[in-house]
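> Here's a structure for you.
The values are calculated or read from the model by the stated rules, or taken from the named source; none is laboratory data. Quick caveat: nothing in here was measured; it's all calculated off a predicted structure. As a convention, Cβ positions derive from the backbone with ideal geometry for all residues, glycine included, and neighbour counts pool all protein chains shown. These accessible areas exclude ligands, DNA and RNA; they are computed on the full protein's heavy atoms, side chains included. Shrake-Rupley method; radii C 1.70, N 1.55, O 1.52, S 1.80 Å.
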Amino acid sequence: MDRESSSSSSDEEDDRRILIDQNERPASKSPKRSALHIDDGDGEFKHPIFNPRRICSPNFAFNKRYLFAVFLPLFIVILYFTTDFENLFHSAVSDVGFSSSDNGMRESELRALYLLRQQQLGLFKLWNRTSVSESNSSSDYNSTAVSSTSYFKSEMLSQISLNKQIQQVLLSTHGSGNSLDLEDNVTDPSLSGFASLDRCPKVEKNLSDRKTIEWKPRSNKYLLAICVSGQMSNHLICLEKHMFFAALLNRVLVIPSSKVDYQFDHVLDIDHINECLGRKAAITFDEFAEAKKSHLHIDKFICYFSLPQPCFMDDDKVKKLKSLGISMTKLEPAWVEDVKKPTKRTMQDVMAKFSSDDDVIAIGDVFFANVEQDLVMQPGGPIAHKCKALIEPSRLIMLTAQRFIQTFLGERFIALHFRRHGFLKFCNAKKPSCFFPIPQAANCIGRAVERANAPVIYLSTDAAESETSLLQSLVVLNGKTVPLVKRPARDSAEKWDALLYRHGLEEDAQVVAMLDKTICGMSTVFIGSSGSTFTEDILRLRKDWGSASLCDEYLCQGEVPNFIADNE
């Protein structure tokens, strides 16, 4: 306020100084001359009748009022025949109109410059995508060519649409902004087929090139899954990698007990895993305890990671494991391996180090393990099975997600995982940061909405109401606010969550989190948070289910935050 007052006071003093200078300026010493004044150089009228000395002389007493009466009609007649009043009036009106629209033109120009900047970013993104495609090996070309072509067409249509917006903005101040629309361009013969093109088509899965291994476990050989790092999403990824290890070692996978880990049977359908494989390959800890009730013992504890501590387990986690009645041998590192710098390993490396004839083995947390990533990241995973995904939400959660979508979202919607809690410090420790200011995030989301042509956004977030309210106010397309839909609180009048309520799961935090993932997995387009394992698990589901879109991306992908706070 002080700054504004000081500025205002300074402006008033400047204005006053200008006015004083103008008012105190001395009058011009040169006499004003009439437009009818005829001067031949000596300063006097030569005509004897209109000589002022003669007019003012006593011999010629002439009343000034008569002189005015003679000259006024003559002046009006001459002015009438020598002035184009129509053009003069038109020019004056035009000048006034230009002055009143000056601010509008400036705003339009700034808006057009902003859109040109967005178009530049989009074209750079397209260029980078093309460069990546060209750098792929020839063996990968066939599997990526179709997707790359579809992406190129989709992105080009988006840029054409953006270019049309720029034209409309620039022409809006000339009264012709509404005369242009996208259909004018897409009906051009050179763009045939673009009008009906889905801007965000599904990523085509080329299953013919999928490389897998068979999981055929020996019925009396077990691998006890142990996952300790991070939250539920980390544990699910850890569990998925344990399945890969169990398949390589021909062992039955034992799902962790809820006494030392999450309640996996609330969020996953373990029977679904076995049905997809056509054999008993995964069992609950209770089933394992029943089978080995006479001797709950880990015969060999070979640690995949040795640093920062063997098996990534501290004394407290070892005590929890022993509280289940399990005895174990000493933890033995298989090799020197640090969770912060995991070495790239092969299937042969794993089988050479962890193969054993012992009945029960454990290898500790493998969330950070880097083993055959190309194989693991395939749609459907590295293990041969007859389903879309081995690890997926339980049937109750799947049905509840479908009912929510039918109630609130409909066929086409964007899903946004907007991670905020604890993410500011996490992201700012990375280079570049992945934590975006709300206005910048809203701009990125708006572009995604325009491309996807979706009327609504499902918001999965841990952000405070202050942040989500601001975000909602800023996500606007064509002058209309795009609704951000969050799961509402439990209401008995609504029936979409009745299944969870009947099974007593409506308040289970992990069930709710998995429900969010499932809804996001079924969306038309997904926008995730870079660096979040919650987002990565959603991307895995979309890839496995075949719902992944060419428009899927991380929030503000390719950009950096326009403001970054200093480190502590």
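> Quick one: what pairs do we get from segment 486-515, first residue within 29 Å of LEU471 (Cβ to Cβ), second open to solvent by 80 Å² or more (accessible area, probe 1.4 Å) and at pLDDT 95 or above, C-beta under 6 Å, 6+ apart or different chains?
TRP496/ARG403; TRP496/THR407
> Only one of (1) part of a loop (DSSP other than H, G, I, E, B); (2) under 28 Å from LYS322 (Cβ atoms) fails for PRO379. Which number is that?
(2)
> Within segment 428-439, work out how many residues are over 17 Å from ILE457 (Cα atoms) and assigned to a helix (DSSP H, G or I).
1
> Next up: Using the structure shown, decide if VAL475 is surrounded by 15 or more Cβ atoms within 10 Å (Cβ to Cβ) and modelled with pLDDT of 95 or more.
yes
> If we keep just the residues of segment 349-384 that are over 38 Å from the mean Cα position of the chain (by Cα) and open to solvent by 40 Å² or more (accessible area, probe 1.4 Å), which is nearest to PRO310 (Cα to Cα)?
So the residue we want is LYS353.
> Look at SER294 and say whether it is without any contact (Cβ under 8 Å) to a residue 24 or more places away in the chain, polar (S, T, N, Q) and assigned to a loop (DSSP other than H, G, I, E, B).
Judged against the criteria, SER294 is a match.
> Taking into account only those residues within segment 316-336 that are touching a Cys at 6+ places or on another chain (Cβ under 8 Å) and open to solvent by less than 50 Å² (accessible area, probe 1.4 Å), which is farthest from ASN370 (Cα to Cα)?
Only one residue fits best here, namely LEU331.
> Also, quick follow-up: What are the pairs with Cβ atoms under 9 angstrom where one residue, in segment 399-424, is under 25 Å from GLN557 (Cα atoms) and open to solvent by less than 20 Å² (accessible area, probe 1.4 Å) and the other, located anywhere, is in a helix (DSSP H, G or I) and of a type in the set (Phe, Trp, Tyr)? Sequence gap at least six, or different chains.
Correct list of pairs: HIS417/PHE534.
> For LEU484, indicate whether it is among the hydrophobic types (A, V, I, L, M, F, W, C), within 19 Å of the chain's Cα centre (by Cα) and either open to solvent by less than 70 Å² (accessible area, probe 1.4 Å) or at negative phi (or both).
yes
> What is the one condition in (1) open to solvent by 30 Å² or more (accessible area, probe 1.4 Å); (2) farther than 24 Å from GLU214 by Cα; (3) among the small types (Gly, Ala, Ser) that SER306 does not satisfy?
In the conditions (1) open to solvent by 30 Å² or more (accessible area, probe 1.4 Å); (2) farther than 24 Å from GLU214 by Cα; (3) among the small types (Gly, Ala, Ser), SER306 misses (1) alone.
> Return the pairs, sorted by first residue and then second, in which the second residue is open to solvent by less than 10 Å² (accessible area, probe 1.4 Å), the first residue lies in segment 218-238 and is closer than 19 Å to LEU515 by Cβ, the beta carbons are less than 6 Å apart, and the residues are 6+ apart or on different chains.
Going by the 6 Å Cβ cut-off, the qualifying pairs are SER233/ASP537; HIS235/CYS227; LEU236/ASP537.
> Residues in segment 258-283 that are buried (at least 17 other Cβ atoms within 10 Å of the Cβ) and among the hydroxyl-bearing types (Ser, Thr, Tyr): how many?
Within segment 258-283, residues that are buried (at least 17 other Cβ atoms within 10 Å of the Cβ) and among the hydroxyl-bearing types (Ser, Thr, Tyr) number 1.
> Okay, next question. Would you check if there is a residue in segment 275-282 being of a type in the set (Gly, Ala, Ser) and under 30 Å from VAL512 (Cβ atoms)?
Looking through segment 275-282, at least one residue is of a type in the set (Gly, Ala, Ser) and under 30 Å from VAL512 (Cβ atoms).
> For segment 375-392, state whether one or more residues are of a type in the set (Lys, Arg) and within 30 Å of ARG447 (Cα to Cα).
No, the conditions are met nowhere in segment 375-392.
> Which of (1) touching a residue at least 24 places away in the same chain (Cβ under 8 Å); (2) open to solvent by 10 Å² or more (accessible area, probe 1.4 Å); (3) in a helix (DSSP H, G or I) does LEU539 not meet, given it meets every other one?
(1) is the only condition that LEU539 fails.
> Looking only at residues in segment 299-333 that are of a type in the set (Val, Ile, Thr) and more than 46 Å from the chain's Cα centre (by Cα), which one is nearest to LYS259 (Cα to Cα)?
The residue in question is ILE326.
> Condition first: among the charged types (D, E, K, R) and part of a loop (DSSP other than H, G, I, E, B). Can you find one or more residues in segment 447-456 that meet it?
Checked against the condition, which is being among the charged types (D, E, K, R) and part of a loop (DSSP other than H, G, I, E, B), segment 447-456 yields no hits at all.
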